[in-house]
Amino acid sequence: MNDGEHGVILVGHGGIPKGYPSDLVSKLKRLEAQRRAAGQPMSPEELELDTKIRQWPRTPESDPYQAGLEALASQMKPMLNGAHFTVAYNEFCGPTLSEAVEGIIAKGAKQITVVSTMFTPGGSHSEFEIPEEMEELRAKYPEVKLNYAWPFDLKKVARMLTDHISQFS
């Protein structure tokens, strides 16, 4: 497969931007908890609140998490040999994983690898939410090969962190 047919999506958690109304965050989280407990799809009200926070204007000052993920992405992109590349967020920020997948497919990707910034097991996003969304996307786009590059080899993660620590000794 040539590089123009391959895509990579870096998925981060997402952060609440400074200045965003806390009452709207509380309402969104309450609706999300109710939906998950009931096993229901998003209500129109939850979807509206989710869309509003994801589209909220951001700067590096108001959302340092987004700025950090974008900085990591800018370091990764040149290492991917011309593959289509974008970021996505689990919550609070856009684009969503689905939006990112659709954007890369529109650019011609036939194989997409999704990788999370969440290295350790035990997190709901990396262990449950992303795999569930990947299954939905596979059903929606059967002609595209969607890979989820997770779980991480913890020995390799430990080596990376140990190498990093050595810079501070």
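Every read-out reported here was derived from the displayed coordinates using simple, explicitly stated rules and does not represent laboratory data. Because the structure is a prediction, the values reported are computed rather than measured. Neighbour counts run over all protein chains shown; Cβ positions are idealised from the backbone, glycine included.
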For Lys18, the lysines lying under 26 Å Cα to Cα, once residues fewer than eight places off in the same chain are dropped, come out as Lys27, Lys29, Lys52
Taking the chain and counting helices only, DSSP H stretches of n ≥ 4 at -39,500 (n - 2.57) each over all residues, the nearest-500 ellipticity at 222 nm comes to -14000 deg cm²/dmol
In order over segment 157-169: 3J(HN,Hα) from phi, Karplus 6.51/-1.76/1.60, θ = phi - 60°, whole Hz, x for each Gly or Pro, gives 5, 4, 5, 4, 5, 5, 4, 5, 4, 4, 5, 10, 8
Taking a crude spin-label model, label points 7 Å out from Cα along the C-beta direction, the Asp153 to Ser74 distance in nm is 3.1
Sequence order, segment 77-83: Karplus ³J(HN,Hα) from phi using 6.51 cos²θ - 1.76 cosθ + 1.60, θ = phi - 60°, Hz rounded, Gly and Pro as x, gives 3, x, 8, 9, 6, x, 5
Averaging 1/r across every pair of distinct alpha carbons in segment 1-49 and inverting yields a Kirkwood hydrodynamic radius, in angstrom, of 13.6
Mean projected area (nm²) from the convex hull of Cα positions in segment 49-102 is 4.0
A correct fewest-to-most ranking of Met134, Met76 by other Cβ atoms within 10 Å would be Met76, Met134
Quick note on Glu136, Glu127, ordering by fewest other C-beta atoms within 10 Å, gives Glu136, Glu127
For Gly123, other-chain or 5+-apart residues with amide H closer than 5 Å (H placed, Pro excluded) are none
For the Gln40, Lys18 Cβ pair and Förster radius 45 Å, calculated FRET efficiency rounded to 0.05 is 0.90
Of all GluC sites (Glu not before Pro) in segment 1-105, the ones in DSSP coil with at most 15 other Cβ atoms within 10 Å are Glu61
Once the mean of 1/r over all distinct C-alpha pairs in the chain is inverted, the Kirkwood radius in Å reads 17.4
Cβ density ranking, 10 Å radius, fewest first, applied to Thr117, Thr51 yields Thr51, Thr117
If amide H atoms are modeled at 1.01 Å from N in the peptide plane, then the residues at a separation of 5 or more from Thr113, or on another chain, having amide H under 5 Å from its own are Gly7, Val8, Ile9, Asn147
Residue by residue through segment 52-67, the couplings from Karplus 6.51 cos²θ - 1.76 cosθ + 1.60 with θ = phi - 60°, in Hz, x for Gly and Pro, are 4, 6, 5, 9, 4, x, 10, 9, x, 6, 7, 9, x, 5, 4, 4
